[in-house]
1. Which Cα, out of Ala123, His105, Leu136, lies furthest along the positive dipole direction of the range 99-148 (beta carbon charges, K/R +1, D/E -1)?
2. Can you bin the range 135-206 into rounded, prolate or oblate? Criterion: square roots of the alpha carbon gyration tensor eigenvalues sorted a ≥ b ≥ c, rounded for a/c under 1.5, prolate for a/b above b/c, oblate for the rest.
3. Scan around Gln202 for amide H atoms under 5 Å from its own, H built in the peptide plane at 1.01 Å from N, and keep only partners 5 or more places away or cross-chain.
4. Can you list the residues, at least 5 places off or on another chain, whose amide H is less than 5 Å from the amide H of Arg273, using H built in the peptide plane?
5. Can you tell me the order of 292-304, 129-141, 179-191, 12-24 when each peptide is scored by its average per-residue count of other Cβ atoms within 10 angstrom, highest first?
6. Given Lys65/Lys192; Lys22/Lys92; Lys22/Lys152, which pairs have Cα atoms separated by over 22 Å?
7. Please give the contour-minus-distance gain from Gln202 to Gln293: 0.36 nm per residue of separation, less the Cα-Cα distance, rounded to one decimal in nm.
8. Leaving out ligands and nucleic acids, and using a 1.4 Å probe, what accessible area per residue does the range 82-159 come to in Å²?
Amino acid sequence: MQIVVPQAVPTHVISGFLGAGKTTLLTALLQQKPEGETWAVLMNEFGQIGVDQALLPQQDGYAVKELLGGCLCCSSQLPMQIALSRLLNEEKPDRLFIEPTGLGHPAELLEQLSEPHWQAHLAVRSPVTVVDGSRLHDATWTTQNLYQDQLKAAQIIVISHRDLMRVEDQGALQALQQEYQAYGQTWLMADKGNIQLAEIDQAYRATQRKVQPLLKIQATLDPQAMPEIKQLPYHYIEHAQGYCVAGWKFSKRWQFNFYDVLDLLCEQQDWLRIKAIFNTDQGWKSFNFNPEQFNYQSSAENVDNRIEVIYQNERDWHRFEAALLACRVDDQA
């Protein structure tokens, strides 16, 4: 008797900030389902009343499951694990789409889906982030950390509401593409979500991420027993498309001398991008540096202190970290 081994289900994660057009894109993609196949959708609503499910096809061949309340990206994994397992076991879909809430962090969801438990069941495709092209001119929208996190997690970025874009939006789009050039993403323009499945049906290139304690703490740890880091502070390094991103996160309670941090950042050389937000003795400050412009401004309180530097060549990060920690002015006990 021949044993049939189930094939891993092609799985698409479609994220995007609030109102970006995720459901419109998803609806257009679902219309491309071949006859005889079953396509499944796992949707996540942050609230307790789901609406988007009613907007998707209800006929045979489609299976839609909503996960209400919270965020499947960053809350307890158990509800997502149960919902996904049931959907796969009961519907046995030929293709799966996952739409996290607009308040979700897709990088954390992708990390969950890449765990060994799911690798035999899911063939994760290139993650997609939908961006509202008509709001690219709005800095209060595009400078939010969550918005930027969703962009960084994407390998394909779909620009929606193209027909509503103004001249300012077109200029902002060019600047955004330049800013994220290091991530090697594919950018697509969508009219009413009209994107062909083949354009996004590409293999997921998992980002190489190395998250470790601060470099000064690593020196005191056994390299063979390096723990997985979940709490602050820590540093991380990501490699993608020939570029590297080095970053640090510190507790929001840590306070830094504003002018010392500014001097340190201005002294750096051979970088491609520096972005940071710090709790300083002058209040919360954000820094947005490119080789042509050094911009900084007052910022709303953030969940933590953080900095990222994009570069192509290796650097002496021990020295940089030591100089950064020397900028602290709070009680370091």
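The values are calculated or read from the model by the stated rules, or taken from the named source; none is laboratory data. Bear in mind the structure is a predicted one, so any value in this text is a computation, not a measurement. No Cβ is skipped: glycine too gets one built from the backbone with ideal geometry, and neighbour counts run over all protein chains shown. Each accessible area value is taken on the protein alone, full model and side chains, heavy atoms only, with ligands, DNA and RNA left out. Shrake-Rupley method; radii C 1.70, N 1.55, O 1.52, S 1.80 Å.
1. Leu136
2. Cα axes put the range 135-206 in the oblate bin.
3. Sorted by chain and number, the residues that satisfy this are Ser126.
4. It is Ile310, by chain and number.
5. Ranking the peptides 292-304, 129-141, 179-191, 12-24 by packing returns 12-24, 129-141, 179-191, 292-304.
6. Lys65/Lys192; Lys22/Lys92
7. 29.2 nm
8. Result: 37 Å² per residue.
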